[in-house]
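In what follows, a single structure is set out as structure tokens and then discussed.
The values are calculated or read from the model by the stated rules, or taken from the named source; none is laboratory data. Predicted model, so just to flag it, every value in this text is computed and none were measured. Ideal geometry is used to build each Cβ from the backbone, glycine not excepted, and the neighbour counts take in all protein chains shown. Calculation scope for accessible area: heavy atoms of the full protein, side chains included, ligands and nucleic acids excluded. Shrake-Rupley method; radii C 1.70, N 1.55, O 1.52, S 1.80 Å.
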Amino acid sequence: MSDLRIGVVGAGLMGADHIQRISTRISGAVVSAVIEPDTARAVAATADAPGSAAFASIEDAIAQDAVDAVLVATPGRFHEAVLVPALEAGLPILCEKPLTPDSQSARRVMDLEQTLDRPHIQVGFMRRFDAEYGALRDLIASRDSGELLMLRCVHRNPAVPDSYTQQMLINDSVVHEFDIVPWLAGSPVVSVEVKYPRRNSLTPAHLREPILVLMELENGILVDVEMNVSTQFGYQVGTEAVFEAGLARIGQPSGLQRWKDGEFRIGDHTSFATRFAPAYDRQLQQWVDAIHDGVLVDGPNAWDGYRVALACEAGVQALDGGIITVPNDPRPAFYA
Ligand code: ISE
């Protein structure tokens with residue numbers, strides 16, 4: 001079986017990370033094309049992927065038959081412009097989150113995808129490939145501790161750049177909880193509310209955070225998310241699941257444990273890149289394996305991306321107050 005030729009679109013932080021991953025840790029695939037308008041970035045990225053060629057646009061790479069599959073790692077606002085030609089060429093796609101920046105454009109992408117024989121787009125919600133999230137989902141489904149009642153989530157970043165906006169608390173960060181929570185609990189988000197505790201004086205002047213995001217799921221489970229992007233100390237993503245007859249916790253620090261000078265210390269992450277590195281690897285390897293097996297999507301699909309876009313829209317509205325309902329359209333049979 002020949003290697004899957006992947007065209008990586010966007011060679012920024014995520015794109016460069018994926019290029020390295022494919023070139024060094026993934027079997028059955030190579031980076032054949034780096035599609036990036038910034039020439040310096042493109043050249044730097046192709047150096048990490050021996051045998052790859054640089055292209056200025058996805059259309060050029062497709063016209064030259066340089067790719068079998070596409071990994072989209074540009075900022076979300078450019079996704080639709082890449083997804084459309086890739087779908088028109090019938091290529092399998094792994095698209096970094098979000099699918100697109102809003103539900104309208106997500107709908108347009110789904111409408112186009114539904115002209116094909118089956119789903120072609122997988123959305124890069126990598127938490128679904130994290131071993132602990134998988135174990136928690138299995139535990140919830142097993143009902144071993146009775147029914148799930150609540151999920152208490154924390155999502156903490158050490159700091160954010162000045163380009164990070166108030167809406168990004170939802171669209172760039174809580175976006176992950178909007179995907180993982182329904183996946184864990186087996187029920188969609190029906191409403192979102194945002195509460196503001198005391199503001200952190202260390203947060204950038206243009207932000208008001210941390211925030212507490214409250215979600216209600218269709219099955220009555222309540223979820224709270226502490227979204228905090230100025231912790232100063234490190235990166236933490238964790239969940240406590242409260243059951244009828246028990247508790248479960250994931251996402252605890254698991255680094256080096258040290259006892260010294262009457263103190264106990266444990267290493268923790270400072271970035272999502274290391275915290276979720278094994279999940280990113282597994283997501284990509286499973287996607288490549290699935291394509292070799294003739295299955296184009298083995299994870300969250302465009303419908304999941306659309307549902308998340310709807311929840312994000314409600315979340316952004318909730319930043320201004322109120323309990324905002326998330327519309328609940330029926331899932332098309334195409335995405336069953
Ligand atoms: C970033 O874009 C991510 O996707 C990270 O997983 C998340 O923790 C962070 O808040 C986002 O800014």
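Summary of computed values
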item: Residue under evaluation E226, criteria (1) away from the ligand (no atom under 16 Å from the Cβ); (2) touching a residue at least 60 places away in the same chain (Cβ under 8 Å); (3) open to solvent by 20 Å² or more (accessible area, probe 1.4 Å), criterion not met; result: (1)
item: Region 234-263, residues that are hydroxyl-bearing (S, T, Y), over 23 Å from S142 (Cα atoms) and in contact with a Gly (Cβ under 9 Å, 6 or more places away or on another chain); result: S254
item: Top-ranked residue of region 133-179 - restricted to ones that are hydroxyl-bearing (S, T, Y), away from the ligand (no atom under 12 Å from the Cβ) and in a helix (DSSP H, G or I), ranked as nearest to A318 (Cα to Cα); result: Y133
item: Answer residue from region 180-204, given it is open to solvent by 10 Å² or more (accessible area, probe 1.4 Å) and part of a helix (DSSP H, G or I) and is farthest from the ligand (Cβ to nearest atom) among those; result: A185
item: Selection status of P210, at pLDDT 95 or above, over 29 Å from Q122 (Cβ atoms) and buried (at least 21 other Cβ atoms within 10 Å of the Cβ); result: yes
item: Answer residue from region 282-306, given it is open to solvent by 50 Å² or more (accessible area, probe 1.4 Å) and within 19 Å of the chain's Cα centre (by Cα) and is farthest from A89 (Cα to Cα) among those; result: R282
item: Strands (runs of 3 or more DSSP E) wholly inside region 32-132 containing at least 3 residues that are in contact (Cβ under 8 Å) with a residue 60 or more places away in the chain and surrounded by 15 or more Cβ atoms within 10 Å (Cβ to Cβ); result: 69-72, 93-96, 121-124
item: Per-region count, region 282-306, residues touching a residue at least 24 places away in the same chain (Cβ under 8 Å), more than 16 Å from the ligand (Cβ to nearest atom) and more than 25 Å from V189 (Cβ to Cβ); result: 8
item: Test set (1) touching a residue at least 40 places away in the same chain (Cβ under 8 Å); (2) within 15 Å of the ligand (Cβ to nearest atom); (3) farther than 30 Å from S142 by Cα; (4) open to solvent by 40 Å² or more (accessible area, probe 1.4 Å) - T231 fails condition number; result: (4)
item: Sole exception among (1) within 16 Å of the ligand (Cβ to nearest atom); (2) assigned to a helix (DSSP H, G or I); (3) farther than 28 Å from H18 by Cβ for A314, by number; result: (1)
item: Long-range neighbours under 8 Å by Cβ, at least six apart or interchain, first residue within 30 Å of L202 (Cβ to Cβ) within region 142-157, second of a type in the set (S, T, Y) and in a strand (DSSP E or B); result: L151/T239; R152/T239; C153/T239; V154/T239
item: Members of region 5-31 found to be open to solvent by 50 Å² or more (accessible area, probe 1.4 Å), modelled with pLDDT of 95 or more and under 19 Å from the mean Cα position of the chain (by Cα), listed by number; result: Q20
item: Criterion (within 16 Å of the ligand (Cβ to nearest atom), touching a residue at least 60 places away in the same chain (Cβ under 8 Å), closer than 13 Å to F129 by Cβ and surrounded by 14 or more Cβ atoms within 10 Å (Cβ to Cβ)) met by exactly one of A309, A279; result: A279
item: Test: residue in region 318-331 that is part of a loop (DSSP other than H, G, I, E, B), within 30 Å of P119 (Cβ to Cβ) and among the acidic types (D, E); result: yes
item: Index of the failed condition, P92 passing every other in (1) under 23 Å from P182 (Cβ atoms); (2) touching a His at 6+ places or on another chain (Cβ under 7 Å); result: (1)
